[in-house]
Structures are given as C-alpha cells and as structure tokens.
1. Just the number, please: carbon plus sulfur as a percent of the accessible area of segment 122-167, 1.4 Å probe, no ligands or DNA/RNA counted.
2. Given the protein chains as shown and a 1.4 Å probe, how many square angstrom of Glu59 are accessible, to the nearest 10?
3. Taking the Cα centre of segment 181-301 as origin and charging only Cβ (+1 Lys, Arg; -1 Asp, Glu), how large is the dipole, in debye to the nearest 20?
4. Once neighbouring chains are kept in place and the probe is 1.4 Å, which whole percent of the accessible area of segment 1-99 is contributed by carbon and sulfur?
5. In Å and whole numbers, how far do the C-alpha atoms of segment 1-41 stretch along each principal axis, longest first?
6. Quick check: with the 1.4 Å probe, what order do Thr188, Thr351 take by accessible area, largest first?
7. Based solely on its DSSP helices, what 222 nm [θ] is calculated for the chain when runs of n ≥ 4 H residues each add -39,500 (n - 2.57) and the sum is averaged over all residues, nearest 500 deg cm²/dmol?
8. Take the alpha-carbon centre of segment 373-412, take the same for segment 45-67, and report the distance between them in whole Å.
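The values are calculated or read from the model by the stated rules, or taken from the named source; none is laboratory data. All of these numbers come straight from a predicted model, not from anything done at the bench. Cβ placement follows ideal geometry from the backbone for every residue including glycine, while neighbour counts extend to all protein chains displayed. What goes into the accessible areas is simple: the full protein's heavy atoms, side chains included, and nothing from ligands, DNA or RNA. Shrake-Rupley method; radii C 1.70, N 1.55, O 1.52, S 1.80 Å.
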Amino acid sequence: MSSPNERLDSIYQQVVARNPGEEEFHQAVREVIESLDPVLRRYPEFAEHKMIERICEPERQIIFRVPWEDDRGEIHINRGFRVQFNSALGPFKGGLRFHPSVYLGIIKFLGFEQVFKNALTGLPIGGGKGGSDFDPKGRSDNEVMRFCQSFMTEMYRHIGEYMDVPAGDIGVGGREVGYLFGQYKRLTGRYESGVLTGKDPAWGGALVRRESTGYGAVYFVDEMLKARNDSMEGKICVVSGSGNVAIYTIEKIHQLGGKVVACSDSAGFVYDEEGLDLDLIKQIKEVERRRIKAYADTRKQAKYTPKGDIWAVPCQVAMPSATQNELDEEHARTLVANGCLAVGEGANMPTTPAGIRVFLEAGVAFGPGKATNAGGVATSALEMQQNASRDSWSFEYTEERLASIMRGVHRTCWETAKDFDQPGNYVVGANIAGFIRVAEAMLALGLV
Ligand code: GLU
C-alpha cells in the first residue's frame, strides 16, 4: 500500500499526462492535492473510492465552433467551451470568460477551482466554467451581440436551471448576459430566468450581484484582519485590475474606512496618493469602456505608469483582482518588505505557488481566491433562489445575506485549518473544507 503522499504524487502525474499542455489546470490541481495528505490519512475511504481521481476528471467537456460576422461583413471563427466539472452538490455553476487567452486549460482550471469555491459557500451549486477566445476589446455592441447569439446557439442545448447555470467572468458582464439570455429565450421559447445569473435587476437579476465579488472579497479580508484583532479602518490598499471585481472591491474598502491608492489594467497602473476617485473610475470603465490611463489624464495629482509593477506600491492590504498568475514570488517579496499584512485574492489564482509560499512563510494573512472571491457565485446562487420563487429581494437584505455567507466561508476555512493542525493557513483550510464537502456528496451518490 503506498503512503498518501506517494499516492497524491502519482495522481498529480496522471493528471499532467492525461491533460497535456494545460498548465493552469495542472497548477490548480496541484495546489489542492498538496493540501490533501492529512485528509487521506483521516478518511481512508476517500482513497479507496478514488475520490481525488474522480474529482479531477470533469463530468463533461463541450467544445464548439462560434462563427460570427463583424460590422464590415468579415467572418470570424472563435472556439467556445463549457466544462461541466462536478454536479454532486447542485447544477453546474460558474461563469463564462471571453478573452483571447482562453483555451481548454484555462477553462478547466477555472472549472476545477469553481467546484471547491461553490462547495465552500454551503449553497447547493456544483461547479463548471465556460467561455471563448473571442476578444471583446474594441468591438461594437452589435458585434458583441452577434457573437453572444452565435455562442448561445450551441450552448443552449447544454444548460438549464436544473442542469448548468452560466454567469459572467472576465469579458462577460451585464450586457453580454443580456444578449445571451435573449437568444436562449428565442431558441427555447421559455422565460427560464434561472438559466443564467448576473442578469440585469430590471429583468430577473439579483441586486448586489454586480457588487458581490468585490464586496465579498473585502468582507473576507476584514474577517482575516479581525481574527488578528485588526480591521480595514485606515489601511492603505492596492487593488490590481479595474474590472467589475476591482471596482466593487475599491468601493467596499472605502466604505469600511480603508484607502485604495492604486489600480490597473493590462496596459499599466494608476497611483493616486489621495485615494482613488471611484466615480471617475466607474465613468471610465463602466460607461466609456476606456483604458485606465484616462484616469491620470483627468486627475492631475494621479500618476500613470505604463507596463509598471503595481505591487511595488507600498500597502498594508493587497487585493489582486485582475487575472491568474499576476503576482509572483518577487512581487510577494516586495509586498512583504513594504509591510503588507493581508492579501485577498479577488481574481481566480492570481498568486503563483511560489508567491503564496512567500506570504505564508512571512505570516501574511493570505485569502485564496476560492474562498475570498466566493461572494460572486454565492450571490448568483441567491439570484437562482429569487428566480425559483419568483421573488426579488432588497439591496440591504441581499447584502446582509452575502456578508453572512462570507463570514461563514471565513469560519469554515479558519476552523478546518485549525482542525488539520495548520492554524491560520486559509489555503489548506479552503482546499480541505471544499474537498470534503464535495467528496462526501459524491460518496453518498454512489459510483456516478
Ligand atoms: N465567474 C465568477 C467566479 O469566478 C462567478 C461565477 C458565477 O456567478 O456563476 O466565481
């Protein structure tokens, strides 16, 4: 009989061999597997039933052609994906990403993370993810609409409120969800609100869904600080990105008395010593859909650094909220040297494994994405609840539900880490707690 450690290593090698070239997927699997040695020791039945091997294999993977025509009449062919990873706890649930970097390995890493994230919320949702290598940048509303319609023309066969419920991710927001829902309704003839989340509140969306990933991430960081008898009040913060997650992370930090001095996009970052003017950022990003550089053109005391390193800006709280692997070992060392106390991942897997190690060794409170950014999908589940009961809740009530879910996610990670002899290690806490919930449900459902 091999030891749990040898067993885990061989499972990881199998995943690499069976999924060649999918580096981000390998990375996400490795991070979870590395936490599971004590779990297999305590629950030998999980090894016996090959729970890890089963969880690493998606239930179903769909890859499809998405042809569409641009405004000049030129035809484009993109590739669409929906990976239905695990439905032990509920219908597959997870966003769609439209970005030129998308390929199967990205969707699988996101889908895999989603399974554990969704389990941590305690709500009845399985995990999945989808998207396309379509680049929405610079495309007109009409082009985006035609692309979304073509994408849905294939995807509609595979989704449903009891089957698989997509939402947004990078490049997919309220506008795209609207076009996708419109096409779903047209193809099926059904007003099936619960088939997509992140809808506009004017026609079935949940209030707070737009704010929820960012708000939830700040609640999580606030809980980590409280566990150390500290708080967000007065903290200097850096938030990378300037999309939906970053914008509402900044908003909640400001509401809790912190000050965000820098944010970014893929071209560079802005630094504003007085604290970022969020109304201006919303105008530039949400209304005008322009680059963040425009901020420094308007706010004279702000400084724009093209291609610069946002993690070199001194801060006490860092919230990487742009994309995967944006914060590496060197960035982590700089943050630690500058006195960073807490890191909360708003994006999915933004910190490299070596970066995470630096934070853990330095005793920084580190909230991994699958726990910290779970507020988005949790509020999607609240949207599904409202749709199922044909109800709509107030902003205040929904936000209170979100806050209480995030306190619950924090508590679960904290207690699990302590229970497995790694107090304060939220990475281990999130991985183990998420894994146990999914594995127990799968065991109960038999060999399926
Ligand atoms: N894309 C988001 C995430 O990474 C939200 C998914 C959802 O709301 O279904 O969790």
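1. Carbon with sulfur: 48 percent of the solvent-accessible area.
2. Its heavy atoms expose roughly 100 Å² to the probe.
3. Numbers: 19 positive and 17 negative charges, 116 e Å.
It works out to roughly 560 debye.
4. Numbers: 2240 of 4930 Å².
Using a 1.4 Å probe with all protein chains present, segment 1-99 comes out at 45 percent carbon and sulfur.
5. Dimensions of segment 1-41 along the principal axes of its Cα atoms: 31, 18, 8 Å.
6. Values: Thr188 45, Thr351 0 Å².
So the residues, ranked largest to smallest area, are Thr188, Thr351.
7. On the way: 18 runs with 213 residues, N = 448.
So the calculated ellipticity at 222 nm is -14500 deg cm²/dmol.
8. Comparing the Cα centres of segment 373-412 and segment 45-67, I get a distance of 27 Å.
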